[in-house]
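This report refers to the structure that appears directly beneath it.
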Amino acid sequence: MSDNAMKTLSFGTKDLVSEGTVVDPNDVGALIGKGATGCKKCISNTWKMYEKLQSSKNSVQENKPKLKIIFHPLKEEKENPQYPKQVWVEIQSESETMMKLSQLSVKKHIADFINQKSLGHQEFIIDIPHRLLGKLIGKKASGLNRLLNDAVYENKTIMIHRDDVETAKTSRLRIKELEFDDPNSQKIINYYKERNNRTFLGWPPEPDDDYVEHISITLSFKRDAKPFNDILLYLERIRGVISDRVCQLKEQDDEQMDEINECLGISNDQ
């Protein structure tokens, strides 16, 4: 039985989305919706699940609970540039069951919201010597086209949502060298923080780390493309293939340098 005491479940949207996907505090209004339609949708869907449960053999014995869902920006006090930007969610109810179902409803609402934003530009930041960009891009952009293809297919098997293949085929990659007049990494961290669609691939640098060359890779889609059904899966795939290719190029470059040093009798310790 419920003890009739209202409880609060609080969590950030970073716990509901895949790594690298951002629900920015500025998105809070869109999540709430005009006339609170977003909140009402979450509450309505929660009640549907709750009533379905209560009509089944797994019903819970408790008084009919109340439910309130609140979205608001997270005001984070930590001065940490890597701390994720997010929206904060509060669920209030007397029922533990209702709170769990509400969390599921909110997660689905956020996934729908992300999919609606799916055709927006995404910018990936990754460290790679600029002299290797020709190999990454390839002749007539063949290297970039290979990355886009590998995000969708692996051994001729579709690796994303089948209904997203046509949208994925409209994708484009644009590369830009990043230059900062700073021996440390604070400026590139500031660059990352300027826009909420920027993501580091791999471990982000610390402010005091020595700066190494980075590039920006911007992913875009045709404006008239159909929105993704599962943008999170596609972004996971494209981030993975880019990271793997950059890693491969850097490893090949290191091996070639080792061969040169060995030929010249130069120790790697020098």
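Coordinate-derived values only; no laboratory data. Bear in mind that the values here come from a model prediction, so they are computed numbers and not experimental data. Cβ coordinates were reconstructed from backbone atoms using ideal geometry, including for glycine residues, and neighbour counts include every protein chain displayed.
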Label of the coordinate-derived value, Cα Rg over 2.2 N^0.38 Å, listed as [x] 1.21; [y] 1.26; [z] 1.06: [y]
Using the number of other C-beta atoms within 10 angstrom as an exposure proxy, rank Asp208, Asp182 with the fewest first. Asp208, Asp182
Alpha carbon centre of the range 27-50 versus the range 208-270: separation in Å? 40
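When you count, for each residue, the other Cβ atoms within 10 Å and take the mean per peptide, how do 58-68, 35-45 rank with the highest first?
Sorting 58-68, 35-45 by mean packing, highest first, produces 35-45, 58-68.
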Could you calculate the FRET efficiency of Asp112 with Glu251 from 1/(1 + (r/R0)^6), where r is the beta carbon distance between them and R0 is 35 Å, rounded to 0.05? 0.30
Can you tell me which lysines have their Cα less than 16 Å from the Cα of Lys64? Leave out same-chain residues fewer than eight positions away. Lys7, Lys48, Lys52, Lys100
Estimated translational D of the range 198-270 in µm²/s (Stokes, Kirkwood radius over Cα pairs; 25 °C; 0.890 mPa s): 154
Scan the range 177-217 for GluC sites (Glu not before Pro) in coil per DSSP, keeping those whose Cβ has at most 12 other Cβ atoms within 10 Å, and list them by number. Glu179, Glu194
At R0 = 25 Å, FRET efficiency that the Cβ-Cβ distance of Thr37 and Asn229 yields, to 0.05: 0.70
Report the gain in length on full extension from Lys193 to Ser56: 0.36 nm times residue separation, minus Cα-Cα distance, nm rounded to one decimal. 44.5 nm
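Using the 10 angstrom Cβ neighbour count as an exposure proxy, how do Asp24, Asp181, Asp112 rank, fewest first?
Lowest count first: Asp181, Asp112, Asp24.
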The range 140-207: Rg/Rh from Cα coordinates, Kirkwood Rh? 1.09
Within 10 Å of each candidate Cβ there may be at most 12 other Cβ atoms; applying that plus a DSSP loop requirement, which trypsin sites (Lys or Arg not before Pro) in the range 205-270 survive? Lys222, Arg223
Starting from the Cα of Lys156, step 7 Å along the direction of its Cβ; do the same at Glu259; then give the gap between the two resulting points in nm. 3.3
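Tell me, what is the FRET efficiency for Phe11 and His130 to the nearest 0.05, using R0 = 35 angstrom and their Cβ-Cβ distance as r?
0.30
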Based on alpha-carbon atoms only, what is the radius of gyration of the range 122-264 relative to the globular estimate 2.2 N^0.38 Å? 1.15
Contour minus end-to-end for Trp47 and His121, with contour as 0.36 nm per residue of separation and end-to-end as the Cα-Cα distance? 23.1 nm
Determine, for Asp150, Asp224, the number of other Cβ atoms within 10 Å of each Cβ, and report the residues in order from fewest to most. Asp224, Asp150
Only helical DSSP H runs with n ≥ 4 go in: add -39500 (n - 2.57) per run for the chain, normalise by residue count and round the 222 nm mean residue ellipticity to 500 deg cm²/dmol. -12500 deg cm²/dmol
